[in-house]
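Following: one structure in structure tokens, then a few remarks.
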Amino acid sequence: MIRVAAVLLSLGFLSSLPIHAEDARPMKVIMPLWGPSIQADGTGMFVDMFRFVLKGHEDRYDIEFVSYDKALRLLLYSDVDCAYPISKKTIMVSMKHTDPDQMVQSLPVLVSKTYLFSRPGEPVFSGMDQLKDKLLIQIRGENYNHNFRMSQARFWNVDTEIEKVRVLLEGRGDAMLGSMPEILISFAELGVEIPPYDPGFTVLDYNNAMTCRSSPKASALVNLFNQRIRETVEDGSLRARAVGHGVPESVVDAFLPKLPH
């Protein structure tokens, strides 16, 4: 019965029925502040794409911007309902004791690919075996250091993508962990060329999805989000939105979500 109610709610069939105040409360969605793609003033590519996907349903959610380091803890230990753009896998790696069945994840707006960017003029890294004792720059809370394949490296935590790029260019680290396509926006904002990297060496791929603590209400919002992702991928408007934010037309298709059959 709960599952049926969730489906009906996602389709809007229950909007005319009386509901409890708690059910009427907008879902609280946290977004981590990590650079130009998510900014505290509500601008940035990922914020815009979230609002675009849920256009016309603004009454269903409230957004709160927090540090990346704080985002995962708030999702698990506060009244926050959802985190975006954070995948369930990311939460499971960072918070190992979390029950995966307690989380429900949407389709992603984009699928990012993480690379290692070297200092200009320095050799690129092409394998995990080259990272022993190397100092890698990450945003505090990204937790690449929790990846056992990178356990031999050392890590330097900074607060934003812009700071990550600056630290690298100042020569204060061996390499920077950066994810495309969003890191391209940071490079463009700073007016710097893309630092050297091996396009054949991907540290990981991850889904820029909405992940919520499981409940009928969360499932309804995720179902709506998924429906809109499918629609905007199929009509090309999600692609156009990403290009409009500076993702090059020549590479944008590599980052768009692949729809399940």
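The values are calculated or read from the model by the stated rules, or taken from the named source; none is laboratory data. From a predicted model like this one, the values you see are computed outputs, not experimental measurements. Here the Cβ positions follow ideal geometry from the backbone for every residue, glycine too, while neighbour counts run over all protein chains shown. Just the protein is used for accessible areas: all its heavy atoms, side chains included, with ligands, DNA and RNA removed. Shrake-Rupley method; radii C 1.70, N 1.55, O 1.52, S 1.80 Å.
Please tell me if Asp62 is over 20 Å from Lys217 (Cα atoms), of a type in the set (Asp, Glu) and more than 12 Å from the chain's Cα centre (by Cα).
On the way: over 20 Å from Lys217 (Cα atoms): no; of a type in the set (Asp, Glu): yes; more than 12 Å from the chain's Cα centre (by Cα): yes.
For Asp62, the condition - over 20 Å from Lys217 (Cα atoms), of a type in the set (Asp, Glu) and more than 12 Å from the chain's Cα centre (by Cα) - is not met.
Going through segment 96-140 one residue at a time, which ones are β-branched (Val, Ile, Thr) and not in a loop (DSSP other than H, G, I, E, B)?
Val104, Val111, Thr114, Ile137, Ile139
Return the only residue of Thr43, Thr114 being open to solvent by 60 Å² or more (accessible area, probe 1.4 Å), closer than 23 Å to Val252 by Cα and among the polar types (S, T, N, Q).
Selected residue: Thr43, the only one of Thr43, Thr114 that is open to solvent by 60 Å² or more (accessible area, probe 1.4 Å), closer than 23 Å to Val252 by Cα and among the polar types (S, T, N, Q).
Go through segment 150-170 residue by residue and tally those that are open to solvent by less than 10 Å² (accessible area, probe 1.4 Å) and in contact with a Leu (Cβ under 7 Å, 6 or more places away or on another chain).
Selection size over segment 150-170: 2.
If you scan segment 133-146, which residues turn out to be at pLDDT 90 or above and not hydrophobic (A, V, I, L, M, F, W, C)? Give the derivation first.
Going through segment 133-146, the residues at pLDDT 90 or above turn out to be 133-138.
Listed by number, the residues that qualify are Asp133, Lys134, Gln138.
Starting from segment 220-246, keep only residues that are in contact (Cβ under 8 Å) with a residue 12 or more places away in the chain, then list their pairs with residues that are assigned to a helix (DSSP H, G or I) and polar (S, T, N, Q) whose Cβ atoms are within a distance under 7 Å, requiring at least 6 positions of separation or different chains.
Listed pairs, sorted by first residue: Ala220/Ser10; Asn223/Ser10; Leu224/Ser10; Leu238/Thr232.
Given the criterion at pLDDT 90 or above, out of contact with any helix residue (DSSP H, G or I) (no Cβ under 9 Å at 6 or more places or on another chain) and either open to solvent by less than 40 Å² (accessible area, probe 1.4 Å) or more than 24 Å from Phe46 (Cα to Cα) (or both), identify the matching residue among Gly191, Gly200, Gly178, Gly173.
Gly200
Which one is modelled with the highest pLDDT, of the residues in segment 3-40 that are surrounded by fewer than 12 Cβ atoms within 10 Å (Cβ to Cβ), in a helix (DSSP H, G or I) and of a type in the set (A, V, I, L, M)?
Across segment 3-40, the extreme among qualifying residues is Ala24.
Residues Lys89, Lys134: which one is over 17 Å from Gly178 (Cα atoms) and either hydrophobic (A, V, I, L, M, F, W, C) or open to solvent by 50 Å² or more (accessible area, probe 1.4 Å) (or both)? I'd like the intermediate steps shown before the answer.
Details: Lys134 fails: over 17 Å from Gly178 (Cα atoms).
Just a single option satisfies the conditions, and that option is Lys89.
Grab the helices (runs of 4 or more DSSP H) fully contained in segment 171-261, keeping just those with 3 or more residues being small (Gly, Ala, Ser).
216-234, 237-244
With respect to Ile183, determine if the residue is open to solvent by less than 10 Å² (accessible area, probe 1.4 Å) and of a type in the set (Val, Ile, Thr).
yes
Just for segment 215-247: of the residues that are among the charged types (D, E, K, R) and within 20 Å of Gly44 (Cα to Cα), which one is least open to solvent (accessible area, probe 1.4 Å)? I'd like the intermediate steps shown before the answer.
Taking segment 215-247 as the starting set, the residues that turn out to be among the charged types (D, E, K, R) are 217, 228, 230-231, 234-235, 239, 241.
Subset that is within 20 Å of Gly44 (Cα to Cα): 228, 239, 241.
On the way: Arg228: 44, Arg239: 63, Arg241: 88 Å².
This residue is Arg228.
I need a count of the residues in segment 43-67 that are farther than 16 Å from Ile185 by Cβ and outside any strand (DSSP E or B).
10
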